[in-house]
Amino acid sequence: MNVYTLLAGLALALHLVWIVWVLLGWLLTRHRPLLRWLHIGSLVYAIFIEVFLWPCPLTLVENWAQARGGKAAYEESFLVHYLRQTIYPRVSQTLLTWVAVAVCLAILTLHGLRWRAERKMRKI
């Protein structure tokens, strides 16, 4: 194992942590305004990356390190690459993009509902 393979593995691990944060971060944000705004920002960023097909910096680092380490870099997005290999072998990138955006929007809705409930509690 060389340094580039290790760096690619680290980028993959950080990517997984990022995805867990985007999906489950709302559970950690109750009564923590700073974390709440960081999570909302993360959700908006994730939506923009998906909708506008921006390359994720972690994917760029992982691909660069894999190429330097002698492995072939992948062309598609992180989600498509790893989900296609492990879970959904015939899912289009468009479908995954819209599902990812829908999940992020649902989580943003949870933040809105929580904010509204907290506002109501302050009025009582």
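The values are calculated or read from the model by the stated rules, or taken from the named source; none is laboratory data. The structure presented is a predicted model; accordingly, all values stated were derived computationally and were not measured. Backbone-built Cβ (ideal geometry, glycine too); neighbour counts: all protein chains shown. We work out accessible area using only protein heavy atoms, side chains counted, and drop any ligands, DNA or RNA first. Shrake-Rupley method; radii C 1.70, N 1.55, O 1.52, S 1.80 Å.
Here are some notes:
- Calculated FRET efficiency for the pair residue 113/residue 52, C-beta based, R₀ 35 Å, to 0.05: 0.85
- Kyte-Doolittle mean at least 0.0 and Cα axial length at least 15 Å: DSSP H helices in the chain: 3-24, 33-51, 93-123
- FRET efficiency, residue 90 to residue 120 (Cβ-Cβ, R0 41 Å, nearest 0.05): 0.35
- Inter-centroid distance (Cα atoms) of segment 1-68 relative to segment 97-115, Å: 17 Å
- Percent RCO, i.e. relative contact order, over the chain, from Cα pairs under 8 Å lying at least 6 residues apart: 32 percent
- Förster radius 25 Å - calculated FRET efficiency between residue 14 and residue 37 (Cβ-Cβ, nearest 0.05): 0.75
- 94, 59, ranked by accessible area, largest first (probe 1.4 Å): 94, 59
- Judged by the mean number of other Cβ atoms found within 10 Å, the most tightly packed of the peptides 107-113, 42-48 leads the ranking 42-48, 107-113.
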